[in-house]
Amino acid sequence: MTRKEQKEARKIQIIQAALDLFVERGYYGTKTSQISRRAGISEGLLFHYFPTKEMLLEELVNIGLEGMRMPMQVKAKNGLDFFYQFTKMLFLQIEKNSFIAKMFVFMGHIVRSEDVPEKLRKLAVSVDTIAFCQNWVRAGQKDGSIRKGDAMSLSNMYWCAVHGIMEQYTLNPDIPLPEPEWVVGMLQNGKEQFSLNSLFMELPV
């Protein structure tokens, strides 16, 4: 491993340790000494990578924002397919790396918490996935794949379910993630007898 690779690996190690502690104890409840101990390094080395705890928090928020932009990269053929494709992609990634589930919990705390710097809280809410996904709800209502109802409310319902699953997975990773079809099924348009199963059978594996 080159020196550059070693530095990058150490930085990731610090970020992972900080995320675990911020989720467990909150931002102000976490000390830099605890982060360095969890990462297995000296506090002085921690400050070499991140001179302040706030800079480490900002790094995590920026990582979280990149994750929140994931839905905007999904290619789908209709409204319901969008939610299926994203849910499937998300769950596959979480099974490979629990860091992603913890980031959901972390970002949820940052958005709601009053014990973090205001500029970072505002940064965390700068990407509104619920508002973005309501457009896919409307598209699904138009093509007949998604049930009728307020688009923002339906989008919010989906994201509440996803966040709840992420929190439970963070607490109990031994419990298997649900099938994507189960999550997406709550958006399905039953009145139009749209076949969710037939849609999934047509999708490439």
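Looking only at segment 96-104, decide whether some residue is within 24 Å of GLU24 (Cβ to Cβ), at pLDDT 90 or above, open to solvent by less than 60 Å² (accessible area, probe 1.4 Å) and hydroxyl-bearing (Ser, Thr, Tyr).
Yes, there is a match, as at least one residue in segment 96-104 is within 24 Å of GLU24 (Cβ to Cβ), at pLDDT 90 or above, open to solvent by less than 60 Å² (accessible area, probe 1.4 Å) and hydroxyl-bearing (Ser, Thr, Tyr).
Could you give every pair whose Cβ atoms fall below 6 Å, whose first residue belongs to segment 22-50 and is touching a residue at least 60 places away in the same chain (Cβ under 8 Å), and whose second residue is loosely packed, with under 13 Cβ neighbours inside 10 Å, counting only separations of at least 6 or pairs across chains?
TYR27/ASP115; TYR28/ASP115
For segment 8-52, give me the residue count where each residue is farther than 21 Å from MET107 by Cα and of a type in the set (Phe, Trp, Tyr).
Count: 2.
Considering only residues of segment 118-139 that are surrounded by 14 or more Cβ atoms within 10 Å (Cβ to Cβ) and of a type outside the set (A, V, I, L, M, F, W, C), which is modelled with the lowest pLDDT?
Once the filter is applied, the top-ranked residue is ARG121.
I need the full set of residues from segment 1-10 which are under 25 Å from the mean Cα position of the chain (by Cα) and either surrounded by fewer than 16 Cβ atoms within 10 Å (Cβ to Cβ) or not in a helix (DSSP H, G or I) (or both), in order please.
GLU8, ALA9
Somewhere in segment 91-112, is a residue of a type in the set (Asp, Glu) and in a helix (DSSP H, G or I)?
Within segment 91-112, one or more residues are of a type in the set (Asp, Glu) and in a helix (DSSP H, G or I).
Name the single residue that is nearest to ALA101 (Cα to Cα) among those in segment 27-36 being touching a helix residue (DSSP H, G or I) at 6+ places or on another chain (Cβ under 7 Å) and assigned to a loop (DSSP other than H, G, I, E, B).
The extreme case among them is TYR27.
Hey, can you tell me all the residues within segment 111-162 that are small (Gly, Ala, Ser) and on the phi < 0 side of the Ramachandran plot?
SER113, ALA124, SER126, ALA131, ALA139, GLY140, SER145, ALA151, SER153, SER155, ALA161 - these are the residues of segment 111-162 that are small (Gly, Ala, Ser) and on the phi < 0 side of the Ramachandran plot.
Could we say that SER195 is at pLDDT below 95, closer than 22 Å to MET72 by Cβ, surrounded by fewer than 18 Cβ atoms within 10 Å (Cβ to Cβ) and of a type in the set (Ser, Thr, Tyr) here?
no
Would you mention how many residues in segment 19-61 are surrounded by 13 or more Cβ atoms within 10 Å (Cβ to Cβ) and of a type in the set (S, T, N, Q)?
4
So, in segment 115-132, how many residues would count as being among the aromatic types (Phe, Trp, Tyr) and without any contact (Cβ under 8 Å) to a residue 12 or more places away in the chain?
Adding up the residues that qualify gives 0.
The values are calculated or read from the model by the stated rules, or taken from the named source; none is laboratory data. Just so it is clear, the structure is predicted and the values come from calculations on it, not from any experiment. Cβ sites come from the backbone with ideal geometry, for glycine too, and all protein chains shown count toward neighbours. When the accessible area is computed, the model is the full protein with side chains, heavy atoms only, and any ligands, DNA or RNA have been set aside. Shrake-Rupley method; radii C 1.70, N 1.55, O 1.52, S 1.80 Å.
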